[in-house]
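S.K.: Before we start, here is the structure in question, set down as structure tokens.
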Amino acid sequence: MYQKTNHPHYEYLRDKWTKRHGKIQSEIFDKHKDSFEWLVNNSRQLTIGTLAGIFLLTSPIIPKIQTVFSSNEVTSNKAIDKGTFIIYDLKNVLPQTVRPLTQEEDKSVGEILSRTYGMNVVPELDGKRLNATYGIIGQEQHLARYPGDNMITHFDNLTEQEKFWDYGMASGLGAWGYFTNSQSAMSQKDIDREKYYIAVQTFMAPNFYDNPKDYLDFFKYRKMLVVNPQNGKAIVADIADAGPSPSTGKQLGGSPEVMTYLERYDGSQRGPVLYFFIDNPSDKIPLGPVSL
Amino acid sequence: MKSKHFYSHLIETTDITIELAEIELTSDERVHLISLIEANIHSTVIETVLSNLTKEDKKIFLKNLVSNDHEIIWSHLKSKTKNIEEKISKSVGILKKDLYKDIKEIQKEKN
């Protein structure tokens, strides 16, 4: 795959200055959080933005960084970034290292996510939970949706093809086989289920082997809220595959579309996400990116 | 024409951008680094101002910042703080020295 190489001097300064900026931002929020919260809660003009607080942490792929308090933001009627607060809130709850959360931490994170994204988000549903709710996410490939689906037939348009072609298609099927029987029978729901899928370690869920069928039925296309705690980006994804192997050191995998949206990468740049069940009995919450 | 930020008249970054010009960078890389300089300066200014205000005045300042009326911002700051312009210039000056040093380190390495 073609990969653009940056000048090392650029990378050195970018990393150093992004880190410095993150440090100043953290100090500001640590010292003056109350005032910002007051502003968010009291400004009638406040709309909600998309540049989820990239300023607390590095976000090197942003071509031009913008400042959260920038007056430009205001004049262009863009939002004050509520995402900044979720990053701050999560930073206070999440451990320094990536590990399974305690019950108390799960509860706090669930409350923060539910409050922020406006949906009921829980670590456990119907008495079932996964082995983790906070873990390292790896890159998955596209999955075949029906017999005969391939890289030529897979994309809706050229833009998507250009963006996601390089990830390739997995040689095997998802955990539940094809999403539908044929191209003509494929619905938008099937398309979205593949596009926004995650692979989780279903086989490591507590008590899984007591009743595997029951657990697999429960996990099949189960909707989860997946959140990058370092930029506040969130997506509603569905479980469509099992994995990765525990030996990889990763706890879950994301489709090319999920990873791209969350700005998560595999390899040396890999990082954690939060993944919680969505308590959504009427199934009204659609798959895909979630706006704050 | 209205300046970009309420503090723009206090900040001069030409010396840093001239130093950046000496380093081999693509146009996009240069733009990104300049935006990082701006972001660092902006956060430093906000931190300096907030650290010199009381709890209630912080709220007024942030509200004024949202309104983007430079005159109101300054009128409030000048009535509630002492020598705030000097303090902003001083803290940004320290930051700029650090950024300048980072660039110089690269140039030294190159030679």
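Read the figures in this text as sums done on the coordinates, not as results from a lab. Just so it is clear, the structure is predicted and the values come from calculations on it, not from any experiment. When we count neighbours, we look across all protein chains shown, and the Cβ atoms used for this are built from the backbone with ideal geometry, even at glycine.
S.K.: Counting other beta carbons within 10 Å of each Cβ, put B:70, B:32 in order, fewest first.
M.R.: Fewest-to-most Cβ neighbours within 10 Å comes out as B:70, B:32.
S.K.: Give the long-range amide H neighbours of residue A:238: residues separated by 5 or more places, or on another chain, with amide H under 5 Å away, using H modelled in the peptide plane at 1.01 Å from N.
M.R.: The list, which skips near neighbours in sequence, is A:197, A:198, A:224.
S.K.: Between residue A:221 and residue B:30, what FRET efficiency follows from the Cβ-Cβ distance if R0 is 60 Å, with the result rounded to 0.05?
M.R.: 0.80
S.K.: Something else about it: Calculate the spin-label point distance for residue A:284 paired with residue B:79, positioning each point 7 Å from the Cα along the beta-carbon direction, and give it in nanometres.
M.R.: The answer from the label model is 4.8 nm.
S.K.: Assuming R0 = 22 Å, can you tell me the calculated FRET efficiency for the pair residue A:11 and residue A:31, based on Cβ-Cβ distance, to the nearest 0.05?
M.R.: 0.10
S.K.: If a/c stays under 1.5 just call it rounded; otherwise compare a/b with b/c (prolate if a/b is bigger, oblate if not). Do that for the protein assembly as shown, with a ≥ b ≥ c from the square roots of the Cα gyration tensor eigenvalues.
M.R.: prolate
S.K.: Under 30 Å between alpha carbons, and skipping anything fewer than 8 positions from residue A:213 in its own chain: which lysines qualify?
M.R.: A:107, A:128, A:189, A:195, A:223, A:250, A:284
S.K.: Just tell me which aspartates and glutamates come within less than 15 Å, Cα to Cα, of residue B:97; anything on the same chain fewer than 8 places away is out.
M.R.: B:12, B:15, B:19, B:38, B:105
S.K.: Also: In nm, give the distance between the simple-model label positions of residue A:173 and residue A:103, each being 7 Å from the Cα along the Cα-to-Cβ direction.
M.R.: 4.0 nm
S.K.: Among B:15, A:190, rank each residue by its count of other Cβ atoms within 10 Å, from fewest to most, as a rough exposure measure.
M.R.: Final ranking by Cβ density, sparse to dense: B:15, A:190.
S.K.: Right, another one. Once R0 is set to 22 Å, what does the formula 1/(1 + (r/R0)^6) return for the Cβ-Cβ distance between residue A:268 and residue A:165, expressed as a FRET efficiency to the nearest 0.05?
M.R.: 0.45
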